[in-house]
Amino acid sequence: MVYCISKKMEVAGCHQLTLPYESKCSRLHGHNWSITVFLASEELDESGMVDDFTHIKQKVHGYLDHGNLNELLPFNPTAENVAEWIVKQFQHCYKVIVEESYGNVAQVYDDQFPIDAKFLL
């Protein structure tokens, strides 16, 4: 068996990007980020879960919501970098989708994940 779950949440946060060209994104600005975290496992934990949805929300939303991502994260907080950081927060995470605003979406896949992602959510 392969068990797959996803947790979608909205995170309000601000950031400013360090870019090698002039951009309005270099100024501090905010988004209501839509974030979906995908996890999978071939085994369930002692509670019968891949991971607790509440724990997923606490680790992402609880840390980032209403924060300045430049102060909370040790890298240039692009949507791609934020997605990669989230993947690394969970043992069973194989994909994260970050939509920082409508139509601006980044996806990150863990290419070392032991289950072939084409079979997952």
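The values are calculated or read from the model by the stated rules, or taken from the named source; none is laboratory data. Worth saying up front: this structure is predicted, and the values here are computed from it rather than measured. Note that we place each Cβ from the backbone using ideal geometry, even for glycine, and neighbour counts take in every protein chain shown. Ligands, DNA and RNA are excluded from the accessible area calculation, which covers all protein heavy atoms including side chains. Shrake-Rupley method; radii C 1.70, N 1.55, O 1.52, S 1.80 Å.
Assorted remarks:
- Index of the failed condition, residue 108 passing every other in (1) closer than 12 Å to residue 37 by Cα; (2) open to solvent by 40 Å² or more (accessible area, probe 1.4 Å); (3) not hydroxyl-bearing (Ser, Thr, Tyr): (2)
- Close pairs from the range 25-37: first under 22 Å from residue 6 (Cα atoms), partner acidic (Asp, Glu) and open to solvent by less than 40 Å² (accessible area, probe 1.4 Å), Cβ under 6 Å, at least 6 apart: 31/100; 33/100
- The condition (being more than 20 Å from residue 94 (Cα to Cα), of a type in the set (Asp, Glu) and in contact (Cβ under 8 Å) with a residue 12 or more places away in the chain) is satisfied by just one residue among 65, 51: 65.
- Residues of the range 11-39 satisfying the condition of being open to solvent by less than 40 Å² (accessible area, probe 1.4 Å) and aromatic (Phe, Trp, Tyr): 33, 38
- Candidate set: the range 34-56, residues that are of a type in the set (S, T, N, Q) and touching a strand residue (DSSP E or B) at 6+ places or on another chain (Cβ under 8 Å); chosen: the one nearest to residue 87 (Cα to Cα): 36
- Which listed residue, of 59, 8, is open to solvent by 40 Å² or more (accessible area, probe 1.4 Å), under 17 Å from residue 91 (Cβ atoms) and of a type outside the set (A, V, I, L, M): 59
- Of all the criteria given as (1) open to solvent by less than 80 Å² (accessible area, probe 1.4 Å); (2) free of Cβ contacts under 8 Å to residues at least 40 places away in the same chain, the one not satisfied by residue 97 is (2).
- Some residue of the range 79-96 being farther than 17 Å from residue 18 by Cβ, in a loop (DSSP other than H, G, I, E, B) and more than 14 Å from the chain's Cα centre (by Cα): no
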